[in-house]
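Report on the following structure.
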Amino acid sequence: MPERLLLGQTEIEVVFKDIQNVHLSVYPPKGKVRISAPQAMSLDTLRVYAISKLGWIRKEQRKMQAQLRETPRDFSQRESHYLWGRRYLLKVTESDSPARMEVKPRSLHLHLRPGTTPQSRNEIVALWYREQVREAAQNLFAQWEPRLGVKVTKLFVQHMKTRWGSCNPDSGSIRLNTELAKKPRECLEYIVVHELTHLREPNHGDRFTAILDQVMPNWRQRKALLNRLPVRHEEWGY
């Protein structure tokens, strides 16, 4: 069973694992806090650590609680969906042919077999969004890898609950959130450049910021735009 720390009105779940370092996370949508800690570490030590991070925790919680969220989607006729920052109405056509998505000037056309459940519709659309991100990201890699002097060895595109992207500098792999297909293309480009920069500089220190400032001077505006946009409605589990 996880342990609990209570700092004023802030409750923190503590999970002990076979790890070497402490990891602090704040989870959407309401800002639940979790610390993953080495098994030998004491709760008193973690309490002191959590107190030192309390300002950051509350700042992250306020940001998450203020962020707009999409209404639930059931993938029905004339439902609103987004692609690269533009709003489209969904058109659903049932036919005895393989499922596919088609982009029209004002609509996203979902072709599927009769009787396809909302869950299956969700999976079809999610797979299509994943491929949109993958294709766009590959094009951005070709543009930005030479400029940053790095090389991506493997790209993973998946639904991630707490991050827009991540990377493993040791393996050269990058992960991108499927939801980026709904955001303006400049937001995806910012995340791609952010993660590529981590292949040169793993930490968020002055050198990392200096590289971003040099190659993408408006990265802060792109980041702010991404953080202002509504995020997916979801029943969050931990």
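The values are calculated or read from the model by the stated rules, or taken from the named source; none is laboratory data. Quantities reported herein were computed from a predicted structural model and do not represent experimental measurements. Please note: Cβ atoms are built from the backbone with ideal geometry, for glycine as well, and neighbour counts cover all protein chains shown. Please note that ligands, DNA and RNA were not included when accessible areas were found on the heavy atoms of the full protein model with its side chains. Shrake-Rupley method; radii C 1.70, N 1.55, O 1.52, S 1.80 Å.
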>> Would you confirm whether or not segment 104-120 contains a residue that is in a strand (DSSP E or B) and touching a Phe, Trp or Tyr at 6+ places or on another chain (Cβ under 6 Å)?
In response: yes
> Hey, among VAL157, VAL125, VAL133, VAL193, which residue is closer than 19 Å to PHE208 by Cβ, within 20 Å of the chain's Cα centre (by Cα), of a type outside the set (Lys, Arg) and open to solvent by less than 50 Å² (accessible area, probe 1.4 Å)?
Replying inline: VAL193
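A quick yes/no check of all residues on (1) assigned to a helix (DSSP H, G or I); (2) among the polar types (S, T, N, Q); (3) within 14 Å of ALA136 (Cβ to Cβ); (4) touching a strand residue (DSSP E or B) at 6+ places or on another chain (Cβ under 9 Å):
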site	(1), (2), (3), (4)
ALA181	yes, no, yes, yes
CYS187	yes, no, yes, no
TYR190	yes, no, yes, no
HIS194	yes, no, no, yes
ARG207	yes, no, no, no
ILE211	yes, no, no, no
GLN214	yes, yes, no, no
PRO217	no, no, no, no
> Quick one: how many residues across segment 39-74 are modelled with pLDDT of 75 or more, assigned to a loop (DSSP other than H, G, I, E, B) and of a type in the set (A, V, I, L, M)?
Replying inline: 2
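Every residue, every condition in (1) in contact with a His (Cβ under 7 Å, 6 or more places away or on another chain); (2) without any contact (Cβ under 8 Å) to a residue 40 or more places away in the chain; (3) open to solvent by 20 Å² or more (accessible area, probe 1.4 Å); (4) over 26 Å from TRP164 (Cβ atoms), yes or no:
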site: PRO2; (1), (2), (3), (4): no, yes, yes, yes
site: VAL15; (1), (2), (3), (4): no, yes, yes, no
site: LEU24; (1), (2), (3), (4): no, yes, yes, no
site: TYR27; (1), (2), (3), (4): no, no, yes, no
site: LYS32; (1), (2), (3), (4): no, no, yes, no
site: SER36; (1), (2), (3), (4): yes, yes, no, no
site: GLN39; (1), (2), (3), (4): no, yes, yes, yes
site: LEU43; (1), (2), (3), (4): no, no, yes, yes
site: ILE51; (1), (2), (3), (4): no, no, yes, yes
> What is the residue count in segment 214-238 for residues that are at pLDDT below 75 and surrounded by 11 or more Cβ atoms within 10 Å (Cβ to Cβ)?
Replying inline: 7
